[in-house]
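Take a look at the structure below.
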Amino acid sequence: MKPASFDFLCPDTLEEALSALAEGGGEARVIAGGQSLVPMLNMRLARPGLLVDIMRLEALRRIETLGNEITVGASVRQAELEAWADLSRDLPLLAAAFPWLGHVQTRARGTVCGSVAHADPSAELPLSLVTLGGAVSLRSRKQKRKVKADDFFIGMMATDLAEGEMIEAVHFPKARPGSGYAFREVGRRHGDFAIVACAAVADDKGLRLGIAGVDDRPRVFPLPALDDDQFDDALNDIAWSLNARDDIHASARYRRELVRNLGHETLREASRCRA
Amino acid sequence: MPRMNAAQRHGVDFTLNGRKVRAEAENRMLLSDLLRHEIGLTGTHVGCEHGVCGACTVQIDGKPARACLTLAQQVRGSDVRTVEALAPAPAELSPLQAAFRRHHGLQCGFCTPGILMSLDTLLRERPEAGREDIREHLSGHLCRCTGYATIVEAALAAAEEQRKEETPNA
Ligand SMILES: Cc1cc2nc3c(=O)[nH]c(=O)nc-3n(C[C@@H](O)[C@H](O)[C@H](O)COP(=O)(O)OP(=O)(O)OC[C@H]3O[C@@H](n4cnc5c(N)ncnc54)[C@H](O)[C@@H]3O)c2cc1C
Ligand code: FES
Ligand code: FES
């Protein structure tokens, strides 16, 4: 359980990091908090030729509010965003999601953008980003682009990130006063990856439900009002539309049942917070 | 910093338990192995080597962190504390350690160094910590012996003691 050997670069500037990623091609990989990558190195599921440590790039260590958007740079640790003074006012969904994300000890090291890059289908931060309708800023030596979170996640731990590219920041839309948010999940033990996680938003545009842990990526759905008599049918349709699978953690049937129950609970809580 | 070649060992300067140290490590060396095998501080235990058991937990810049998920090169310039830093003198336990002993917070002791380092951060950051905070911190640790109840009692007792000490007239 020791990593295979690799070259290591701890660049002082973003340009230096981007050049190394461009030249390294498929051999080069970013290391951020290491909380997902180092287990993969230890188990030799990953054998990169070069690791580029981005945690000393001061330019990426920022949490910034610009208009209706909160930008979180690539070297911001999860615990830093969790402790951000405006979190419960401006990102109440994340305030509700953080206690579910691993443990105090992993949040102290892991980054927000690293979780998005890793794209685990059960992960809380990708789910929150997609449910809120956020975006991801990607950067390579040659270009910068911004993609919608919903387009960024394309499958099981698969994203739109191209060779030589890195995530520079992620963008969360700021909560609007009067909107309601809720987050819940079911896992084996506290801090384990979710079997199913649900995030809900209730605002003047209606209800939105985000679901992780069922399909190969987080998915988000609009829903009719709670008191609508079609509501349970709509939730049931969503449960069946997701590509649920049996695995060692849970059966597909149990996952669909969790979607119906957790989905209902989170939507009810979000609606109550709105009222 | 220039690119560091995989085949060589490279110097890494950091602060360890209050003292400046310079160690040599290959890029692929984990902090847990640097501490145990290169520096000889074997108090930090290694259970799973993939972040799950918490036995290897140390403090990096005042925060609890898995030494098995940290590359030695990543602590350059950081302040690292291990369980060896807790006891004020060789024959004396820290209040938290003494509470573990009084309340039977350990049996085999394999998980203990990691748990102590997590709880030490908690009690420093939040002197008012209660049962729920303690349980939350313990969720990042596995103990196969105690059933956790005695660990929670030990931590509560240490927190209580610390609060009394800070407000002597209360
Ligand atoms: C015990 C334990 C429990 C956990 N529980 C959960 C959980 O419940 N929910 C959850 O979501 N996660 C969980 N995690 C994983 C979480 O802690 C990680 O922090 C997160 O998945 C990855 O973030 P990181 O900064 O550690 O990234 P790293 O591990 O450094 O990198 C992960 C991947 O993303 C890439 N990457 C990182 N940053 C960038 C970037 N800026 N641009 C491009 N690529 C990048 C890396 O190349 C690598 O492929 C757990 C981990 C452990 C050890
Ligand atoms: S050895 Fe590091 S968490 Fe188990
Ligand atoms: S005391 Fe034996 S594992 Fe905790």
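A few comments on the model shown:
- Principal-axis tilt of helix A:14-24 within chain A, Cα atoms, nearest 10 degrees: 80
- Relative contact order of segment B:28-170, pairs being alpha-carbon contacts under 8 Å that are 6 or more residues apart, as %: 25
- Once the mean of 1/r is taken over each pair of separate Cα atoms and inverted, segment A:180-273 shows a Kirkwood hydrodynamic radius of 13.2 Å.
- Here the accessible area is traced with a 1.4 Å probe on the protein chains. For the protein assembly as shown, carbon and sulfur cover 49 percent of it.
- By average C-beta atoms within 10 angstrom, highest first, the peptides A:253-265, B:47-59, A:151-163: B:47-59, A:253-265, A:151-163
- Square roots of 5 times each gyration tensor eigenvalue, C-alpha, segment B:9-82, largest first, Å: 17, 14, 11
- Packing-based ranking of A:96-104, A:169-177 yields A:96-104, A:169-177, ordered from highest to lowest mean Cβ neighbour count within 10 Å.
- Computed over the alpha-carbon atoms, segment A:61-213 gives an Rg to Rh ratio of 0.94, Rh here being the Kirkwood radius from the mean inverse distance.
- In terms of distances greater than 25 angstrom between alpha carbons, the cross-link table entries A:Lys148/A:Lys205; A:Lys142/A:Lys174; A:Lys148/A:Lys174; A:Lys174/A:Lys205; A:Lys144/A:Lys174 yield A:Lys142/A:Lys174.
- Distance cut-off 27 Å, percentage of C-alpha pairs in chain B lying past it: 28
- Ellipticity estimate at 222 nm from DSSP helix runs (n ≥ 4, -39,500 (n - 2.57)) divided over the protein assembly as shown, nearest 500: -9000 deg cm²/dmol
- Angle between chain A longest axis and helix A:252-274 axis [Cα atoms, degrees, rounded to 10]: 80
- Accessible area per residue for segment A:7-53, computed on protein heavy atoms with a 1.4 Å probe, is 37 Å².
- Each peptide in B:16-25, A:21-30 was scored by the mean count of other Cβ atoms within 10 Å over its residues; highest first, the order is A:21-30, B:16-25.
- Share of Cα-Cα pairs in segment A:111-170 lying beyond 13 Å, as whole percent: 55
- For B:48-54, mean number of other protein chain Cβ atoms within 10 Å: 5
- Projected area, mean over directions - chain A, Cα convex hull, nm²: 14.3
- GNM top mover of B:Pro90, B:Pro64, B:Pro113 - chain B, alpha-carbon springs below 10 Å: B:Pro90
- Calculated from backbone phi, Karplus (6.51, -1.76, 1.60) coupling profile of segment A:85-97 in Hz, x at Gly/Pro: 4, 8, 4, 5, 7, 9, 9, x, 5, 5, 4, 6, 7
- Normalised convex hull volume, segment A:121-206, alpha-carbon set, Å³ per residue: 117
- Equivalent ellipsoid of segment B:95-166: semi-axes from √(5λ) of the C-alpha gyration tensor, largest first, are 18, 13, 10 Å.
- When A and B come together, around 3000 square angstrom of accessible surface is lost from both chains combined, probe 1.4 Å.
- On the principal axes of its alpha-carbon atoms, segment A:219-262 has extents of 36, 16, 13 Å, going from largest to smallest.
The values are calculated or read from the model by the stated rules, or taken from the named source; none is laboratory data. Because the structure is a prediction, the values reported are computed rather than measured. Note that we place each Cβ from the backbone using ideal geometry, even for glycine, and neighbour counts take in every protein chain shown. Keep in mind that these areas ignore ligands, DNA and RNA; they rest on the heavy atoms of the full protein, side chains included. Shrake-Rupley method; radii C 1.70, N 1.55, O 1.52, S 1.80 Å.
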